[in-house]
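**Q** Encoded as structure tokens, here's the structure I'll be asking about.
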Amino acid sequence: MFSVRQMTKKDRPAWARMRAALWPEESAETHAATIDQLLASAAAWSFIAESETRALGFAELALREYANGCESQPVPFLEGIFVEAAFRRQGIGALLIAEIERFCLARGWREIGSDTQIDNLGSQAAHRGWGFCETERVVYFRKILSLLETGEPLEQTRHWPNDS
């Protein structure tokens, strides 16, 4: 039997372990800092799926001012969802999504945004299975600005007032 509930500080070890499995490119320190931010935020929530003996998965939700393809603003956004490999295809992801839906509906929100990498076909299939519909495909771009005089990236040379 599986259950889903909102995460608390006591879930930190399991949460950090699962975050590291979902986002291995991030350091343990980054995961710890993000967990602190999520726990302190009034606009972000995390949910844990568990059996009687262990954590099986999690999902993170944040309120965004805007999300591509969504009609309402602000909109709750599924920032990440993960189920331990040994427990996949047992409905745990669907339980997490169902709890998030209840949570959102109770607050008057009428849609949830989400995204995934364009080549992550497994995640795309999971989203469709949970009732999400694809709204658009985009390619994001970024341009690093530099000072014309030095050619150095702006982020390395710009100092804000009160910076030491």
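The values are calculated or read from the model by the stated rules, or taken from the named source; none is laboratory data. Given the structure is predicted, the values throughout are model-derived calculations rather than measurements. Virtual Cβ from ideal backbone geometry, glycine too; neighbours counted across all protein chains shown.
**Q** Can you tell which of Trp45, Trp109 is under 25 Å from Arg137 (Cβ atoms), out of contact with any Asp or Glu (no Cβ under 7 Å at 6 or more places or on another chain) and surrounded by 12 or more Cβ atoms within 10 Å (Cβ to Cβ)?
**A** Within the list Trp45, Trp109, the selection yields Trp109.
**Q** From the list Leu78, Leu56, Leu22, Leu63, which one is modelled with pLDDT of 95 or more, farther than 24 Å from Gly122 by Cβ and in contact with a strand residue (DSSP E or B) (Cβ under 7 Å, 6 or more places away or on another chain)?
**A** Leu63
**Q** State the number of residues belonging to the range 112-144 that are in contact with a Pro (Cβ under 7 Å, 6 or more places away or on another chain) and surrounded by fewer than 15 Cβ atoms within 10 Å (Cβ to Cβ).
**A** Number of matching residues: 1.
**Q** Another question about this same structure. State yes or no: is Leu96 within 14 Å of the chain's Cα centre (by Cα), surrounded by 21 or more Cβ atoms within 10 Å (Cβ to Cβ) and farther than 16 Å from Arg17 by Cβ?
**A** Yes: the conditions hold for Leu96.
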